[in-house]
Every structure is written in C-alpha cells, then in structure tokens.
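Shown next, in structure tokens, is the structure this report addresses.
The values are calculated or read from the model by the stated rules, or taken from the named source; none is laboratory data. Here the structure is a predicted model, which means the values were calculated and not measured. Here the Cβ is made from the backbone with ideal geometry for all residues, glycine too, and neighbour counts use every protein chain on show. In case anyone asks, the SASA skips ligands and DNA or RNA and just uses the protein heavy atoms, side chains included. Shrake-Rupley method; radii C 1.70, N 1.55, O 1.52, S 1.80 Å.
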Amino acid sequence: MRIRAFAAVMAATVALPCFVQAADLEVTHWWTSGGEAAAVKELATAFNATGNKWVDGAIAGSGGTARPIMISRITGGDPMGATQFNHGRQAEELVQSGLMRDLSDVAEKGKWKEVIKPANLLDSCTFEGKIYCAPINIHSWQWLWLSNAAFKTAGVAVPKDWNEFVAAAPALKKAGIQPLALGGQPWQANGLFDTLLISLGGKDLYEKVYKDKDAKVAAGPEMAKIFAAADKARELAKGSNVQDWNQATNMVLTGKAGGQVMGDWAQGEFSLAGKTAGTDYTCLPGLGINDVLTTNGDAIYFPLLKDEAKSEAQNVLAETIVDPKLQVAFNLKKGSVPIRGDIDMAAANDCMKKGIAIIAKGNTATSTDQLVSADTQKQKEDLMSEFFSSSISVKDAQARFVDIISSAD
C-alpha cells in the first residue's frame, strides 16, 4: 500500500496526524559542465526544499558514457531513485520490461497534458497510454555559435549564415584561428551532420530519411549535397584537438575558434562565462538558413523501487521538475527552453528568446532520438565519428549511411 493511501486510511480511523517520511533520492545524470552543474544545483535546491534530499549521481563524460552505466544498474537490480535520459527511445526497453515507474497519477494531478508543450515531449514519455517520465527541458541541436572577437581579429564581418561562415574560413585560418571547433566524442559529429541535413536540406528531406526511413532518398542527390557540406565541415574542423563539447565551446568563448555547431546547451557556458549575446558572441538558429528546431532535450525517469518512502520522494521530484518556478530557474542556467508554455521567460537572453519564438511558431521537427532506435543512433554516431576523423570518401560514407537507414527501426 502506498504511504499516502495508508496515511489517508489512518486519518479516517484515528484522530492523529500522519506524515510522509522524507527520503534520500539518488539522481544519476551526465550534466557535468559548468553551465549544466549550475542548472542541476537549481533542481537539487528545489527538491531539498521539500524536505527530501538530493543525492547527486553525476557521471563524468557524456550520455554515451553514462547511459550504459545507468541501464546496467537498473537491469542489474541496483536502481537509482531517478535518472536522466534524452527525450525519445533511449529508455523504451526499460519501460517495456516493467522496470520504470508509472507517473500517470502525478501527471494527471499536475495537468501535464495541458501545460507541457509541444505535445510530442509527453508522447515520448508515454507507453501503452501510461506516462513514464517527466520532461525537464527542450533542447535543439540546430545552432551555430560564433565568436565575434575571432572574426574581428580575422578582419571579416561576423557571418549571418553557414555559407558566409564557410566563406570566412580562409581569413580565420590566415589569422591563426581554428575555423570550426568540434570535439572528438561521436555524438558531436553525429549532431553536426544531422544539423547540416535539416538546416541545409530542409525538414522534408530530414523526415524522409529519419521518419520514413526512405533508403532511396538517403542514396539520392539531395543527400549527396549534405555529405558534400559535411566534407567541407570536416575540412574546417581539422585541428580542433579537443574531446568534450564544452572544451570546443571554450575555444569559441576565448576566440581560438570562429564557430561551433552545437545544441543550445552551449549558451549555458557563455552565460557562466559572463558573455553577452550579440556583443561577445552570435547565435544562428538553423545555421542562419532554415529556422527549424528539433524539440529534443532531457527527461527524468524513475526506476521501480520497493522502498515506499523513496517512491513517494520520486513523486515529489516529478512534481518539482514541472513546477513553473523551477522551470524558469533551471532552464535559464541550462540554456534550454522550458517544457511549459505558460511561464514568463522575460529574463531569457537574446539567443534563448530566438529559440522560444521559433518553437512558439511551430517551426519544429522531431529529433532523431525520437525517430530511430538507440541502436540505429549508435550506428550513425560510429559512422560520423569515423567520417570526421578520417579520410573516408563522401561516396563511401553515403553508401554506409544508406545501409544504416535501410535497416533502421
């Protein structure tokens, strides 16, 4: 019997107050950069204010490093109290195996279906009509971050789109500045490629490939143009020599690189460094060419626990995540867009406001994390990591990409 239900029974039988016992709740995540850590602190503080205790389970590295550890613990019988995954299909096997909590009661109480926008965020949490996660933010990959100082040093105007950025690369190189910063983690190369696809090729091409999984389109001339653009990006990224995404962001922050294609979480690093959008750096959604953003991001899942006090603490954390005040505080630090459309984001910087406006207009697309399985995503990451770190030809890379799409699920 649940603690809350038990308390209600007792209250009806005896005239004695009953209290739900607070609990320590371990939360695993891979939010470890400066901006991310600042956002986590906001969430932890809000949760601790409920009387429960946040036990931080940060895993250094990235999602690719953290997710196998998280999944292993859950399937191995040592579940944490809550864990981060990206929106999409990363946790679907855990849900299907009955290892995750059903949050439908919490969602109904909080009217999540009414306040969480766009609807596909909650759809990604839903399996067989039940809700299994709490979306915490909206992130989009399709951003080009530019160092205003780098272009001033190179003696060229700050680009207004990807094509101008490519054209400015020789001037950057001549000035001893790395044109494009790209970290060595496979997911970064994969995200760069997908951003080129949707921003240069358009939403229709993107959806034919990843939603419809049309191998003929993947093998066609329009995708050949995207691979040609990726080849140019590969040339511009040579010499980055960093691993983590925030190290690549720091190259832009310090004027050592002209730009970086990275999700809007990068602005958390700019904010932490005291940089001002429009003055110190420039942000170009859709690479300045196509203002369409994918509504990806993070959600918190709750493994099934036997401890009733911890289970109740899970409910409290889920409620805290969707709370309007927490949504503002967390996302201002994270650089992401809130999952609620009914809150005031007047304090957002210019870049965040651009993202909010694009999403409000409905210029959105579903992320690849939601469209393809984790296995397919891993195959893409492996291919793109090899492509950007080797001399594999454009033709061979596209052929292997077609094979991945042909067998994608």
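Of all the options Trp265, Trp54, Trp143, the one that moves most in a Gaussian network model of the chain with Cα springs shorter than 10 angstrom is Trp54.
Under a model in which nothing but the beta-carbon of Lys, Arg (+1) and Asp, Glu (-1) is charged, the chain shows a dipole of about 780 debye around its Cα centre. Accessible surface for Ile356 stands near 50 Å², nearest 10, in the context of the full protein assembly shown (1.4 Å probe).
Taking the 1.4 Å solvent-accessible surface of the chain as the whole, the part contributed by carbon and sulfur is 52%. Reported to the nearest whole Å, the Cα centre-to-centre distance from the range 86-165 to the range 267-296 is 16.
Per DSSP helix of 4 or more residues, -39500 (n - 2.57); summed, then divided by the residues of the chain. What does that give at 222 nm, rounded to the nearest 500? Numbers along the way, then the final one.
Values: 21 runs with 210 residues, N = 409.
Counting only the DSSP helices, I get -15000 deg cm²/dmol.
Solvent-accessible area per residue in the chain equals 42 Å², computed with a 1.4 angstrom probe and all protein chains kept.
Does the range 178-283 come out rounded, prolate or oblate by the C-alpha gyration tensor, with a ≥ b ≥ c the root eigenvalues, rounded set by a/c under 1.5 and, if not, prolate when a/b is larger than b/c and oblate if not? Prolate shape, in that a/c is at least 1.5 and a/b is the bigger ratio.
Which of the trypsin sites (Lys or Arg not before Pro) found in the range 335-400 are in a DSSP loop and have at most 14 neighbouring Cβ atoms, other than their own, within 10 Å? Write down the numbers at each step before the final one.
Values: sites: Arg340, Lys353, Lys354, Lys361, Lys378, Lys380, Lys395, Arg400; in loops: Lys361.
Qualifying residues, ordered by number: Lys361.
For the residues Ala318, Ala157, Ala374, a GNM of the chain with alpha-carbon springs under 10 Å puts the largest fluctuation on Ala157.
Its Cα centre serving as origin, the range 289-381 has a Cβ charge dipole (Lys and Arg +1, Asp and Glu -1) of approximately 280 debye. Applying a DSSP loop filter and a limit of 12 other Cβ atoms within 10 Å to the trypsin sites (Lys or Arg not before Pro) in the range 73-120 leaves Lys111. Met100 sits with roughly 10 Å² accessible to a 1.4 Å probe, with DNA, RNA and ligands left out of the calculation.
Note down the net charge around Gly184, summing +1 for each Lys or Arg and -1 for each Asp or Glu among other residues with Cβ under 14 Å from its Cβ. Please list the in-between numbers first.
Working: positive: Arg234, Lys238; negative: Asp244, Glu381, Asp382, Glu386.
Its environment carries a net charge of -2.
Annotation: Asp102 carries an accessible surface of approximately 60 Å², with a 1.4 Å probe and no ligand, DNA or RNA atoms counted. Rounded, prolate or oblate for the range 52-187? Axes are the square roots of the Cα gyration tensor eigenvalues, ordered a ≥ b ≥ c, and the cut-off for rounded is a/c under 1.5. Judged from the Cα gyration tensor, the range 52-187 comes out prolate (a/c at least 1.5, a/b above b/c).
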